[in-house]
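The values are calculated or read from the model by the stated rules, or taken from the named source; none is laboratory data. Bear in mind that the values here come from a model prediction, so they are computed numbers and not experimental data. Because the Cβ atoms are built from the backbone with ideal geometry, glycine has one as well, and the counts that use them run over all protein chains shown. Heads up: the accessible areas ignore ligands, DNA and RNA and are worked out on the full protein's heavy atoms, side chains in. Shrake-Rupley method; radii C 1.70, N 1.55, O 1.52, S 1.80 Å.
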Amino acid sequence: MSAIAYAPSAVAELLLSKPDGQVLAQRRLDPTRAYWIGRESHCDFLIDAPSVSRRHALVYCANGRWMISDTGSLEGLETEAGPIRSTQLSSDRWVEIGGCYLWLAGGFREAPAWVDAVPTPASPDGERPAAMVRLAMEAIPLESDDPPAAPAELLVVSDDRGRVHLCADLQPLLAARASGAARLTIGRATEVDLQIAHPSVDPLHCVLVRGAEKWSLVDAGCKDGIHHDGKRWYRKRLEQGICLPIGRFLVGIQKLARIAPAAQAGGLLGDEPSAQRRPGVTRPSAFLDGN
């Protein structure tokens, strides 16, 4: 891996231009964020054309490569080689959306090679140790009249047997003060943000990205796709209660919020006698058992 290729000074800018070369928009990109392209006013790059979907495409960085992925648009992405669902952007590789051209200036001169993950060996009996998650109600005394905090959101990753392998707080991603949308790249390679080391997962499988109010999974060109209700999706919102497949694993969003106290609200695991409980509110708490 080249240290020059990963130099922080390798700044990339995304340009939106007309076919005659007139630049309509230009923006410096943060490699830790993602950028929406579309007709909706919340998009980072707005293209007001009838052939452009509200959220048409997503631009993001993965392992030194600036990628663009179609997010379920009607017209798709056009390149010199024809229509495509996901591709790399550079000064030599452009994408046409709604009669406008998107291309990249700057960035890493040579992106590092993908380092594919080696799956963790299974135990002799073919089973791997499971990490289980449990939810309980935790009593929280109210020290002031401050309004309840905003709901916390957890990313939960489980396998096809229902065993939970990861429970991660997404709030730090939202709290980061940077341009663009919060995002996590997901795949089997060691360079992605969330690595799932399993043969059923592509090296770069998908992107978890924040929209105006909700998280979505965006297909990053994976071979098996993202399926829900018998349909393939190039962008699917992670609504409460929806779990989406990534290879043999499932991902979902669990919201944790302060709620009004119940009449017989219990402490954490019910270890506090009801007569000793102080007035307050309750919220679900998530914690892991085992490894």
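Carbon and sulfur: what percent of the range 182-263's accessible surface (1.4 Å probe)?
Values: 1740 of 3530 Å².
Carbon and sulfur atoms account for 49 percent of the accessible area of the range 182-263.
Amide H contacts for HIS205 (H built 1.01 Å from N in the peptide plane; partners 5 or more residues away or on another chain; cut-off under 5 Å): ILE186, GLY187, ARG188. Per-peptide packing, taken as the mean over residues of other Cβ atoms within 10 Å, places 58-69, 87-98 in the sequence 58-69, 87-98 from highest down.
Along its three principal directions, the equivalent ellipsoid of the range 207-249 from the Cα gyration tensor extends over semi-axes of 17, 12, 9 Å, largest first.
In terms of the mean number of neighbouring beta-carbon atoms within 10 Å, the peptides 168-180, 16-28, 185-197 order highest first as 185-197, 168-180, 16-28.
Looking at the range 1-115 from every direction and averaging, what is the projected area of its Cα convex hull in nm²?
Details: hull surface 29.0 nm².
The number I arrive at for the range 1-115 is 7.2 nm².
Packing here is the average count of other Cβ atoms within 10 Å per residue, and on that basis the peptides 216-226, 47-57, highest first, run 216-226, 47-57.
Between the amide H of ALA12 and those of LEU29, GLY107, distances stay under 5 Å, these residues lying 5 or more places away or on another chain, with hydrogens modeled in the peptide plane.
Computed from backbone phi, the HN-Hα couplings of the range 198-206 come to 8, x, 6, 9, 6, x, 10, 9, 7 Hz, rounded to whole numbers (Karplus: 6.51 cos²θ - 1.76 cosθ + 1.60, θ = phi - 60°; Gly and Pro given as x). About its Cα centre, the range 211-253 has a charge dipole of approximately 100 debye under the convention of +1 per Lys or Arg Cβ and -1 per Asp or Glu Cβ, with nothing else charged.
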